[in-house]
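The values are calculated or read from the model by the stated rules, or taken from the named source; none is laboratory data. Since the model is a prediction, treat every value here as computed from it, not as a measurement. Glycine gets a Cβ as well: all are built from the backbone with ideal geometry, and neighbour counts include every protein chain shown.
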Amino acid sequence: MGAPSVDDLDLERVLDLRGRAPHVWYRRSALLVLLAVVVVALTGAFGQVQHTRTVSGPAATLAVRSPSTVRGGLLVPTRIQITAKRTIASPQLILGPGFVRGMQINTLEPAATSETTRHRAGGDALALTYPTLDAGDTLTVYLQLQVDPTTVGSQDTSVELDTPGAAALRSAATLRVLA
């Protein structure tokens, strides 16, 4: 049995593509689906887009910059900035249970002078105490988290600033973890 010859070819099918008209549309449809996924990803629907939430009170301003949607296994940068309007003795940051449930804290800078937990209805929260801030001082805390690959759903990533003698500032947030 030898190699096929030109006489064995169906010229109408090979040259004129007869009978193959729908195949072109299958390829085009597949490319459009891929293009749609890329466009949706560029809009930030698959996570990692940073948002800044700011709350202000008589003692301080609290600004939290973090994504609202992430994917499992990825690193999540978070920046918490406290700007004191008056002297704050031992400011305490309380990180919602979602910061430790289903996530690993890789980096926390600067280190707190003390760390403890606070029992909350939604789970234990991490409480970080820092040195006194004078009026006009700014404390910036950098967190580098990694989402466990098996974590899916919503996590409470609220940040609260407790200051002695003033009402607590709370920046409520929910982190959505995609599969």
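Criterion first (farther than 26 Å from Gly44 by Cβ, part of a strand (DSSP E or B) and hydrophobic (A, V, I, L, M, F, W, C)) does Ile94 satisfy it? Yes; evaluated as a whole, the condition is true for this residue. Restrict the check to segment 91-111 and report whether at least one residue is in contact with a Gly (Cβ under 9 Å, 6 or more places away or on another chain) and more than 19 Å from Thr174 (Cβ to Cβ). No, every residue in segment 91-111 fails to be in contact with a Gly (Cβ under 9 Å, 6 or more places away or on another chain) and more than 19 Å from Thr174 (Cβ to Cβ). With the condition kept exactly as written, say whether any residue in segment 111-122 is closer than 14 Å to Gln144 by Cα, part of a loop (DSSP other than H, G, I, E, B) and in the same structural domain as Ala173 (by TED's automatic domain parsing). Looking for residues that are closer than 14 Å to Gln144 by Cα, part of a loop (DSSP other than H, G, I, E, B) and in the same structural domain as Ala173 (by TED's automatic domain parsing), one finds at least one in segment 111-122, hence yes.
Comparison of Ala167, Ala127 shows that the only residue that is in a loop (DSSP other than H, G, I, E, B), over 21 Å from Val49 (Cα atoms) and not polar (S, T, N, Q) is Ala167.
Taken together, Ile105, Ile88 contain a single residue that is under 19 Å from Asp162 (Cα atoms) and hydrophobic (A, V, I, L, M, F, W, C), which is Ile88.
Suppose the filter is in contact with a Phe, Trp or Tyr (Cβ under 7 Å, 6 or more places away or on another chain) and not aromatic (Phe, Trp, Tyr); does Pro22 pass it? No. Identification of strands (runs of 3 or more DSSP E) wholly contained in segment 7-83 with 3 or more residues that are among the charged types (D, E, K, R), out of contact with any helix residue (DSSP H, G or I) (no Cβ under 7 Å at 6 or more places or on another chain) and surrounded by 14 or more Cβ atoms within 10 Å (Cβ to Cβ) yields no element.
Selection of segment 133-154 for residues being surrounded by 12 or more Cβ atoms within 10 Å (Cβ to Cβ) and assigned to a loop (DSSP other than H, G, I, E, B) yields Ala135, Asp137, Asp148, Pro149, Thr151, Val152.
Looking at segment 56-69, can you tell me whether even one residue there is over 16 Å from Leu175 (Cα atoms), in contact (Cβ under 8 Å) with a residue 12 or more places away in the chain and touching a Pro at 6+ places or on another chain (Cβ under 9 Å)? Yes: segment 56-69 contains one or more residues that are over 16 Å from Leu175 (Cα atoms), in contact (Cβ under 8 Å) with a residue 12 or more places away in the chain and touching a Pro at 6+ places or on another chain (Cβ under 9 Å).
Among residues of segment 130-156 that are closer than 26 Å to Met103 by Cα, those with a beta-carbon under 8 Å from a residue that is among the acidic types (Asp, Glu) at least six positions away or on a different chain give the pairs Val141/Glu109; Tyr142/Glu109.
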